[in-house]
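The values are calculated or read from the model by the stated rules, or taken from the named source; none is laboratory data. Bear in mind the structure is a predicted one, so any value in this text is a computation, not a measurement. Don't worry about glycine lacking a Cβ; one is built from the backbone with ideal geometry, like all the others, and counts go over all protein chains shown. Accessible surface areas use protein heavy atoms only, side chains included; no ligands, DNA or RNA. Shrake-Rupley method; radii C 1.70, N 1.55, O 1.52, S 1.80 Å.
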Amino acid sequence: MSNKTRPRPVGTRGARPAPSGPSPVRRVAPVLIAFALGALLAGPIGALAVGGDDGGSAPVDDRVAELQAEEAKRDSAQIVELTTKARQVQERLVPVLEGMATAVPAGKPVGPAASQSDVAGWQEITGKVVEDFANPPSGGTGVNIARSGLAAAVRSLDAAVDTYAAALAQPASGRGPLFELAGRQRDIAVATWSTAATQLDVLNIDSGNGHAHVFLPAAPGQGR
């Protein structure tokens, strides 16, 4: 055997196998093509989105103005309708409030008890008024707040009348607390109506209709 050292093959140690997938150039090409197509399509689509080739937003602005005008017209009509309805309800509720003012005066001791027939008449009136405010139409925020406040007020008054009727069904010795509760519920109803009526007054002023004083009296002759 020869003592000469055999030459080591060059380039065989640590050699990496050639990649089997597509070349970087082939991987990048589809991305570039997609980007180019997107750029071509973005021009006309973007121009249409903003309303024209010049980038103006006139069609969008016109539609917004049209919707605002329709909403303002709807609210103006609903303000008039709600004010008319509030005045009608006020007239219907005044006899109930006057009767309760005698039976449970605000801030005073309980008065003489009302008759069951009178209270039954109150219940008929308040029950129908509550129904009148059912299923309200949708309007602007201000109109919705006023209508909701009036509806809450008549529900409170209806509850006060029911409480008074429940008191009459009790023995005389146990009526006092229920009479007082009915009076407090009546006071809440009047205060709630007053807040809603103030909102309605503001809406009428802003709409150019002038003041609309539609308040409920806590005592006969007040707030009308």
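I'd like the full set of residues that are assigned to a helix (DSSP H, G or I) and either open to solvent by 60 Å² or more (accessible area, probe 1.4 Å) or without any contact (Cβ under 8 Å) to a residue 40 or more places away in the chain (or both), limited to region 96-111. Break it down stepwise before answering.
Of the residues in region 96-111, the ones assigned to a helix (DSSP H, G or I) are 96-103.
Residues satisfying the conditions are 98, 99, 102.
Just to check your reading of the model, which residue among 120, 114, 77, 134 is of a type outside the set (S, T, N, Q), closer than 24 Å to residue 164 by Cα and in a helix (DSSP H, G or I)? Walk me through how you get there before you give the answer.
Details: 114 fails: in a helix (DSSP H, G or I); 77 fails: closer than 24 Å to residue 164 by Cα; 134 fails: in a helix (DSSP H, G or I).
Step by step, each of 120, 114, 77, 134 is checked, and only 120 is of a type outside the set (S, T, N, Q), closer than 24 Å to residue 164 by Cα and in a helix (DSSP H, G or I).
Kindly evaluate residue 205 against the criterion of being part of a helix (DSSP H, G or I) and more than 23 Å from residue 78 (Cα to Cα). Steps first, answer last, please.
Values: part of a helix (DSSP H, G or I): yes; more than 23 Å from residue 78 (Cα to Cα): no.
The answer is no for residue 205.
Can you name every residue in region 73-84 that is free of Cβ contacts under 8 Å to residues at least 60 places away in the same chain and open to solvent by less than 80 Å² (accessible area, probe 1.4 Å)? Don't jump to the end; show me each part of the working.
Quick first cut of region 73-84, residues free of Cβ contacts under 8 Å to residues at least 60 places away in the same chain only: 73, 77, 81, 84.
Scanning region 73-84 gives 77, 84.
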